[in-house]
Structure formats: C-alpha cells, structure tokens
Ligand code: C2E
Ligand code: MG
Ligand code: MG
C-alpha cells in the first residue's frame, strides 16, 4: 500500500509492515483476478479512499481523466468520481448490514446504471476498517423498469399519456399551482366521442382504432405550447390547458375543438362524422390532487352529453353527487333489509268525508340521518335503477296491507289502494309481469288497485303509457294521472290517455284562496275532465277554505293534511272505519 495513504490514515506500524506488504500484494492480486469490478476502500474523516481496486473498477468508478492518466498497476491513486464520494460520505455501513445504492456514471452516451454494494470486511488492514465495494451493472433491469413505466403511463394506440400518465402531469401542475392565489391558471377539458361504440360495432375495432388515432392528431393540432393532451378513457380525451387570458381561453379552445371535429373523418373509404361532448373544470384552492380536477371535468362532461353544449363544472356539485352516491348505497341496503315502510293517506269525498281509498307513500327512516323524504330518495332510486325493486315492494306491500285490513274487518273493503309508479318503472320494468306475479302470490283483485303515473312520465313515453294503461284496464286496475299542473299540463293531452283519475297537484291548489286565475284554471280542468268522464282528485288540501273552494268547483275527491296526514297501516284502517261509519 503506498505510503501516502498510510500517512493520511495515520496507521504506520513498523513491525507489521513486512507482513502487511505481503497481505497488500495478496489482496491486490486477489482483486485483479476477480472477473467483476471491485475495490477495497476505507474512510478517512468520512472521505472514501481506495486502497486497492481492479481495472474493471477503475474503468467505471474513477474520474475519466484519472483513469486515462494512470493505467492501473498496483497504484492506488484512483480518484473516485465526486458523485460517488458524495454518495459514500454518509454511507450507513455496519457489520451486519451492507449499504446499497444506484449510480449512473455521468457523461457517456449510453448511460449505464450500477447497483453498488459496500460491505464491511471482517478483519482490518493496516489497522484500518476496510470495505469491499462492488458495482454491479444493472442497466438492463433499469431499462426494463423505465420501459414498464412508459407502458404504465402511455396509451399504446395513440402514444399519448393514458389516464395515469395524464394524472401525473396534472399532479405536477397542481403542485406548482398550489399556493398561488388569484384566478384559475389551469383548466382540464374532457372530450367524449358520442356514439363511438357504434362505430366500433358497425365498422370493426380496427376502424375504431383508426378513428381514435385521427381524433388524437386533430386534438393535438389545437394545442398551444405547454398544453398537454391525454387519452383518459376508451373514447375520452383530456386536455390540460394553461390559461393566459382566463376562462375565455377554455371557451375558445372548446369552440376550436368543436369546429375541428365537425369535419368528417375518412375511415375505410367512408366519410364519418363524429360528434363530441365537451366539459371542463378549473383549478382552484379546493383541488388537492389530479383526480379532483379530472372528476370535476367528467361531471361537466356528463352534463354536456345531456345538454349538447360545452359545460363547465359547478363548484359543490361533486359533494352533492357524493352525498347522492352514499344515499344510493344506503337505500340499496334499506330495500334489501326491508327497512322501508309504507304510510297511507286517505283519498275521500270533500263533501261527506267518506274515504274511497288510500294512497300508499314510501317512508325511510335512515339509521343516521333520521327520516329521509321520498322527494329526496325517490329521484335517487330512479337514477340508480333501484326504483324497480322499490316499486315492486311498494305494490306488493300495499296489496298485502289491504288484504290484512279486509281480514281485520271480516269483509272486502269497498276501496282501492293507489300506488305510485315512476316513469322508469314504466319503461324498464315489465309492469305487466310484476302485476301478474303479485296477483299469483297474493290472489290480488285488480279492482282494488289504482296506479298513479305522473303527468310527466305519461307525456315522456306516450305510446308505452297508453299500452300499459289498456293492459291494466283489462285487469280492472284504474289509472291516475298524478301531479297534474306541474308538467306540460295540456288539457288536450287528456284525451290521448285513457286515464280514470286526474290528480290536480297541490302547488296548483296552494293559492286557490288568493288567486282568481288559479280558480278559473282549476274550474276549466275539472269541467274538461268531467266531460271526458275522468274523476278529479285535488291534492294538498290544507284548510277549510280550500276545501270549500274545491267543493264549489265540483271536484270529485280530495286528499290533504286538512283531512288526514299519511298514516301507518293500523291508524289508516281505524280512520277509514271512523269516516265510513254509516
Ligand atoms: P305524490 O304522489 O304527489 O304524493 C303526495 C305527496 O303530497 C306526499 O308527499 C304527501 O305526503 C304530500 N301531501 C299530501 N297532502 C298534503 C298537504 O295537504 N300538504 C302538503 N304540503 N303535502 C301533502 P310524500 O309522501 O313526501 O311523497 C312525495 C312524492 O314522492 C310523492 O308525490 C310521489 O311522487 C313520490 N313517492 C312516494 N312514495 C312513492 C313510491 O312508493 N313510489 C314512487 N314511484 N314514488 C313515490
Ligand atoms: Mg301520488
Ligand atoms: Mg301527486
């Protein structure tokens, strides 16, 4: 070992010198014979010093200049690369724990990557603790890792960042934007190709792929420097837009995209026109991670698909949706566990208060939230499709309750139970099948049942509705048009639907006492219905005054808090018996 090292490390032991020299030679030859790069190092004031190393090690770990100047020959004047010196300085090497780190020698064209292991030697050399340092070429594994990373972050078809890649880009921008106050400087535009799946199905997936590549190219052409494009879903693209002139930049970009997409695409010798929906969200202080901004843009996109306009995300919508989603989960469970129940509101004659039937209304007592109004949970049920099982349950339970009432009094009560049927039930559920099933299970008689269909549901699906109504009539079931006065309210439409009852909505009734026009309109509705042999039920009667007015107007039946609130089954039958005594 050269003297300068022994001097700097301060361990010159004369008596052991002869033996140590022999050991040095042996260690040096041992290292030289190794077929892989290796060095024996020690530390002086935390600075790593190479005691011995082989040529393979010098080629990798020394500074290029030093390597050129001193071809190795038992000389230890190897200058470790400064980056390595820095990495080794605080190397936490202990007796039982080797230290490992990755290192890429800088400079060379094709950069290599080494995993370096530093292991403490069991015995000392010249009284110094020594370490074996072995760099292992890890380039292939590193390249594989980087290819895998590329694959994870990129869409192989278009070469664009995929959803994960796009999210990473967003995260970087969000991290930069966070803390800068003021107007939004970044927007995310989400673009969805309308009816893309039809192109895929009718022209094949190869043509579908071709279209996606062409769309990606067109979208890329609207980008300005700094904007980024990604494919964030099957037929969805995202643009990360930096805003120089505020929100107007986004509207401008959206218009350009719409214009670009309006030119047909040439696909398989055909000119194919593709529509797209566009929604966007703006960076603000609520945004923590990329998923927030992407989710907002996709909520706006969902609106855009419904409205056919470019839509911007409204702050707060996500939490409303989240609330709705958790309500949906809870409602699903409530239906499965039988946690819903029905209450019954009397429908009666306003003249003599005799009850002719009850409307069954769903109630839900939520474990944490307490009673949740059907005004809140019925729309959730409709949107999620839960209205189908809920509707079946409401029909069956009300039929069974009515049968219990009959049993209780010992005869067949001359009244009907009215059950609400939503538009979706009308469309999705096979109502006829449901009714037949319930009939088979309970022995129900159609003459005891009324179905309430809202005015808007009937208007939305007129043909379907007419055919359902006719089938129900064959079974003796009557049909009420519910909430009349809240939708189209076209009197001429009444002729179209062979309905039995018309329920005039309570919003209409609320100002009967003050508003002469409301009175005139209600009179017209009642007289028109009467001409068509449709019975009228006025909903929401809350006062004696309202009762008197509707009696003057000649309506047939009434319903409202003035007469009775919706009641649990046992109270409802008691109310019936008390009202219909003689
Ligand atoms: P709807 O079918 O028009 O039912 C009448 C609603 O008016 C009921 O509200 C009833 O409690 C309320 N009401 C009755 N009289 C008065 C009154 O004098 N004043 C006031 N302010 N309100 C009165 P509810 O029970 O909250 O139900 C709301 C809506 O939820 C129902 O309107 C119906 O559309 C829907 N719904 C309830 N149960 C079901 C069900 O089982 N299936 C379906 N599809 N919809 C249901
Ligand atoms: Mg109703
Ligand atoms: Mg109603």
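Every number in this text was worked out from the coordinates using simple rules, so none of it is lab data. From a predicted model like this one, the values you see are computed outputs, not experimental measurements. Note that each Cβ is placed from the backbone with ideal geometry, even for glycine, and that neighbours are counted across all protein chains shown.
What the table shows:
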item: Exposure proxy order (Cβ contacts within 10 Å, fewest to most) of 263, 119; result: 263, 119
item: Ranking of 388, 320, 78, 85 by count of other Cβ atoms within 10 Å, fewest first; result: 320, 85, 388, 78
item: Percentage of interatomic Cα-Cα distances in the stretch 154-315 larger than 26 Å; result: 23
item: Percentage, to the nearest whole number, of Cα pairs in the stretch 34-141 over 25 Å apart; result: 15
item: Inter-probe distance in nm under a simple model that places probes 7 Å from Cα toward Cβ, at residue 83 and residue 523; result: 9.4
item: Net length gained if the chain between residue 307 and residue 337 were fully extended (0.36 nm per residue, minus Cα distance); result: 7.1 nm
item: Value of relative contact order over the stretch 154-315, rounded to a whole percent, pairs C-alpha under 8 Å and six or more apart; result: 30
item: Full-stretch length increase - residue 26, residue 329 - with 0.36 nm per residue and alpha-carbon distance subtracted; result: 101.6 nm
item: Relative contact order computed over the chain (Cα-Cα under 8 Å; 6+ residues apart), in percent; result: 8
item: Potential extension, residue 140-residue 437 segment - 0.36 nm per residue separation minus Cα distance; result: 100.3 nm
item: Angle between the chain longest axis and helix 139-153 axis [Cα atoms, degrees, rounded to 10]; result: 20
item: Tilt relative to the chain, helix 544-553 - C-alpha long axis, 0 to 90 degrees, to 10; result: 60
item: The stretch 475-526: translational diffusion in µm²/s, Stokes-Einstein, Kirkwood Rh over Cα pairs, 4 °C, 1.567 mPa s; result: 108
item: On Cα atoms only, tilt of 163-177 relative to the major axis of the chain in degrees; result: 80
item: Simple spin-label estimate for residue 175 and residue 151 in nanometres, 7 Å along Cα-Cβ; result: 2.6
item: R0 of 41 Å, Cβ-Cβ distance residue 284-residue 456: FRET efficiency to nearest 0.05; result: 0.70
item: DSSP beta bridge pairing in the chain, given as percent antiparallel to the nearest 5; result: 70
item: Inter-site label distance for residue 407 and residue 366 at 7 Å from Cα along Cβ, in nm; result: 3.4
item: The stretch 399-418 versus the stretch 444-478: alpha-carbon centroid distance in Å; result: 21
item: Cα centroid separation, the stretch 219-266 to the stretch 121-171 (Å); result: 34
item: Rel. contact order, % - alpha carbon contacts under 8 angstrom, at least six apart, the stretch 324-577; result: 20
item: Estimated 222 nm signal from helices in the chain, with DSSP H stretches of n ≥ 4 weighted -39500 (n - 2.57), rounded to 500; result: -14000 deg cm²/dmol
item: Convex hull per residue volume in Å³, alpha carbons only, for the stretch 395-477; result: 82
item: Normalised per residue, the volume of the convex hull around the Cα set of the stretch 324-577 (Å³); result: 131
item: For the chain, alpha-carbon Rg and Dmax in angstrom; result: 40.4, 130
item: Alpha-carbon centroid distance for the pair the stretch 296-364 / the stretch 537-582, whole angstrom; result: 26
